1. Regarding residue 5, is this residue acidic (Asp, Glu), at pLDDT below 95 and farther than 29 Å from residue 149 by Cβ?
2. Looking only at residues that are touching a strand residue (DSSP E or B) at 6+ places or on another chain (Cβ under 7 Å) and among the hydroxyl-bearing types (Ser, Thr, Tyr) in the stretch 97-118, which one is surrounded by the fewest Cβ atoms within 10 Å (Cβ to Cβ)?
3. Taking into account only those residues within the stretch 86-96 that are within 10 Å of the ligand (Cβ to nearest atom) and under 18 Å from residue 149 (Cβ atoms), which is surrounded by the fewest Cβ atoms within 10 Å (Cβ to Cβ)?
4. Just to be sure before I move on: is residue 44 more than 19 Å from the chain's Cα centre (by Cα), not small (Gly, Ala, Ser) and not assigned by TED's automatic domain parsing to the domain that holds residue 113 in the structure I sent?
5. Take the residues in the stretch 119-167 that are touching a strand residue (DSSP E or B) at 6+ places or on another chain (Cβ under 6 Å), in a loop (DSSP other than H, G, I, E, B) and within 22 Å of residue 107 (Cα to Cα), then tell me which one is farthest from the ligand (Cβ to nearest atom).
6. Let me spell it out: the conditions are (1) charged (D, E, K, R); (2) in contact with a helix residue (DSSP H, G or I) (Cβ under 9 Å, 6 or more places away or on another chain); (3) farther than 25 Å from residue 39 by Cβ, and residue 50 meets all of them except one. Which number is the exception?
7. If we scan the stretch 69-84, do we find a residue that is farther than 21 Å from residue 154 by Cα, surrounded by fewer than 18 Cβ atoms within 10 Å (Cβ to Cβ) and without any contact (Cβ under 8 Å) to a residue 24 or more places away in the chain?
8. For the stretch 49-71, check the following and say yes or no: at least one residue is within 16 Å of the ligand (Cβ to nearest atom) and under 21 Å from the mean Cα position of the chain (by Cα).
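The values are calculated or read from the model by the stated rules, or taken from the named source; none is laboratory data. Please read all numbers here as calculations on a predicted model, not as lab measurements. Heads up, the Cβs are rebuilt from the backbone with ideal geometry, glycines too, and the neighbour counts pull from every protein chain shown.
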Amino acid sequence: MQLIEGEKDQILAIVGEVLKNSPKQREDLIPLLQKVQAKLGYLPALAMEKIADGLNIPAADVYGLATFYNQFRLNPPGKHQVKVCLGTACYMVGGDITLESFERRMEIKEGETSPDRLYSLERVACVGCCTMAPVAVVDEEVEGKVTPTRVDGIMLALQDEEKKNEKELKSNQEEGEDA
Ligand code: FES
């Protein structure tokens with residue numbers, strides 16, 4: 001995933017600070033990764049390289065460990081985060097079709113974030129609302145009976161919200177220029 005403006009400096013500063021204040025043995029790798037992810041929201045490749053340099057170990061070792069544990073995310077969280085439940089009850093009534101529908105509408109795969117960072121998509125285990133299966137959690141709101149048509153509705157609502165935000169931002173900027 002490409003870094004956005006200013007992100008490189010932010011990553012270097014955060015990794016530098018974490019490394020400065022932490023022990024730097026190979027066995028400290030997991031807590032180090034956790035600290036960096038807590039601050040950045042994810043583990044960019046650049047952060048993993050810098051951590052590897054700091055610990056004097058190969059970057060491939062850091063990457064291998066980060067991909068092994070699913071507590072680590074390698075893509076930035078999208079502004080809108082969609083989690084599709086693939087627990088048994090949801091799977092039995094087409095949770096996988098729900099996931100595929102989101103993948104198609106967002107033009108990304110599960111586990112990814114759209115290049116504009118507006119949307120990210122994940123699969124999750126049972127979220128405890130099986131009677132509403134198939135379930136998706138959209139920006140922390142639980143949505144039930146998420147058929148492909150409902151996916152279209154959810155995506156349209158999110159896109160509308162984004163258009164509104166953009167319009168507001170533009171008019172605020174214009175007001176600022178006029179003042
Ligand atoms: S299996 Fe999806 S909410 Fe329980």
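1. yes
2. First, pick out the residues of the stretch 97-118 that are touching a strand residue (DSSP E or B) at 6+ places or on another chain (Cβ under 7 Å): 98-99, 102-103, 106, 108, 110-113, 118.
After this cut, where a residue has to be among the hydroxyl-bearing types (Ser, Thr, Tyr) as well, the list is 98, 113.
On the way: 98: 28, 113: 23.
In this case the residue turns out to be 113.
3. Keep residues of the stretch 86-96 that are within 10 Å of the ligand (Cβ to nearest atom), which gives 86-93, 95.
Then drop every residue that is not under 18 Å from residue 149 (Cβ atoms), which leaves 90, 93, 95.
Numbers: 90: 28, 93: 15, 95: 22.
The qualifying residue surrounded by the fewest Cβ atoms within 10 Å (Cβ to Cβ) is 93.
4. For residue 44, the condition - more than 19 Å from the chain's Cα centre (by Cα), not small (Gly, Ala, Ser) and not assigned by TED's automatic domain parsing to the domain that holds residue 113 - is not met.
5. Applying the filter and picking the extreme gives 139.
6. Failed condition: (3).
7. yes
8. There is no residue in the stretch 49-71 that is within 16 Å of the ligand (Cβ to nearest atom) and under 21 Å from the mean Cα position of the chain (by Cα).
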